[in-house]
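Everything on this sheet refers to the single structure shown next.
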Amino acid sequence: MFVVGFPAGVFATNCYLLAAGPGEHCIIVDPGQDAVPAVAEALATHRLHPVAVLLTHGHLDHTWSVYPLCSAHGTPAYLHPADRYRLADPAATFPPEVLGSLGLLGVRLDEPDDVRPLADGEWLDVAGLRIRVLHTPGHTEGSVVFYLPATATGDLHLAGDRHPSADRLLSGDLLFSGDLLFAGSIGRTDLPGGDPAAMSASLTRIAAAADLPDETVVLPGHGPRTTLGRERAANPFLRGLARPAGLRAAREPQ
């Protein structure tokens, strides 16, 4: 599978494009502020054709460019229903002092015409890829992660990644973790809709999944990529979360 990633806007939110390979249909994940020019460049450079936008949650730093991209390419956007209200007035779900400090107070964004709901445990068949949706609330009510097992990804070619170790071939499962899990940290829970107890349960679900191997490549909403094994071993928020044998919450049925 082919993945292009770059940080966008003042929030440095990671936007990703994923496809079976160059010249294929692709999915755009979390197009944040000012992502449109970089997305257009990646589409042209790698001859990609977008067919969907996937949103890990409804915060405006992850949804900022969803309307212009969906409108330009005639694609649907996918978002968990619990975060659907955030598209209508994204600024209302961020503290005014945060928006004011960034010069974004009062910002309003248009909603895509076609917004489709995501459900926990469902498999999406998009752009020739099989993607599992896992509902992981805590950062927001409707936060999700997107999981692709190794059987669906083969080798991962990460191109155009502005973080270290770009343009490498990797093998293994792939997890788009949004603002649930970062390299060495986790998403905040003090914004409207955040819930520390739900975050703890979501982290436990991911860390304890016996069929999410340590080699799983984690592509987070902010910061550099990591692996699930590295976070299980060193992330202070994941240490001590046991992986019970036999838990099979994420693998595609045979």
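For the reader, a short list of remarks on this structure follows.
- Qualifying position, being assigned to a loop (DSSP other than H, G, I, E, B) and either open to solvent by less than 40 Å² (accessible area, probe 1.4 Å) or of a type in the set (Val, Ile, Thr) (or both), among Gly103, Gly121: Gly121
- Some residue of region 72-80 being farther than 18 Å from His25 by Cβ and either of a type outside the set (Lys, Arg) or touching a helix residue (DSSP H, G or I) at 6+ places or on another chain (Cβ under 9 Å) (or both): yes
- Number of residues in region 24-40 that are at pLDDT 95 or above, out of contact with any helix residue (DSSP H, G or I) (no Cβ under 7 Å at 6 or more places or on another chain) and either of a type outside the set (D, E, K, R) or under 20 Å from Gly9 (Cβ atoms) (or both): the value is 8.
- Among residues of region 6-54, those that are touching a residue at least 40 places away in the same chain (Cβ under 8 Å), in a loop (DSSP other than H, G, I, E, B) and under 22 Å from Asp179 (Cα atoms), counted: 5
- Within region 207-226, being hydrophobic (A, V, I, L, M, F, W, C) and open to solvent by 40 Å² or more (accessible area, probe 1.4 Å) holds for one residue alone: Ala210.
- Candidate set: region 65-97, residues that are more than 21 Å from Leu17 (Cα to Cα), part of a helix (DSSP H, G or I) and open to solvent by 40 Å² or more (accessible area, probe 1.4 Å); chosen: the one modelled with the highest pLDDT: Pro81
- Asp211 vs. criteria at pLDDT below 90 and under 25 Å from Phe2 (Cα atoms): yes
Per-residue answers, yes or no, for (1) part of a helix (DSSP H, G or I); (2) modelled with pLDDT under 95; (3) open to solvent by less than 10 Å² (accessible area, probe 1.4 Å):
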site: Gly138; (1), (2), (3): no, no, yes
site: Glu141; (1), (2), (3): no, no, no
site: Val145; (1), (2), (3): no, no, yes
site: Thr151; (1), (2), (3): yes, yes, no
site: Leu158; (1), (2), (3): no, yes, yes
site: Ser165; (1), (2), (3): no, yes, no
site: Leu170; (1), (2), (3): no, yes, no
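- Pairs with Cβ under 7 Å, 6+ apart, first in region 85-112 and at positive phi, second open to solvent by less than 40 Å² (accessible area, probe 1.4 Å): Gly106/Ala91
For every residue, the table says whether it meets (1) over 12 Å from the mean Cα position of the chain (by Cα); (2) among the polar types (S, T, N, Q); (3) over 14 Å from Ala127 (Cα atoms).
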| residue | (1), (2), (3) |
| --- | --- |
| Ala19 | yes, no, no |
| Gly23 | yes, no, no |
| His46 | yes, no, yes |
| Leu54 | no, no, no |
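- Any chance Asp195 is out of contact with any Pro (no Cβ under 6 Å at 6 or more places or on another chain), open to solvent by 10 Å² or more (accessible area, probe 1.4 Å) and without any contact (Cβ under 8 Å) to a residue 24 or more places away in the chain: no
- Answer from Tyr67, Tyr78 - the residue that is of a type in the set (Ser, Thr, Tyr) and more than 14 Å from the chain's Cα centre (by Cα): Tyr67
- A residue that is in contact (Cβ under 8 Å) with a residue 24 or more places away in the chain, touching a Leu at 6+ places or on another chain (Cβ under 6 Å) and farther than 13 Å from Thr136 by Cβ occurs somewhere in region 207-215.
The values are calculated or read from the model by the stated rules, or taken from the named source; none is laboratory data. None of the values given here were measured: they were computed from a predicted structure. So basically every Cβ, Gly included, is an ideal-geometry build from the backbone, and we count neighbours across all protein chains shown. Heads up: the accessible areas ignore ligands, DNA and RNA and are worked out on the full protein's heavy atoms, side chains in. Shrake-Rupley method; radii C 1.70, N 1.55, O 1.52, S 1.80 Å.
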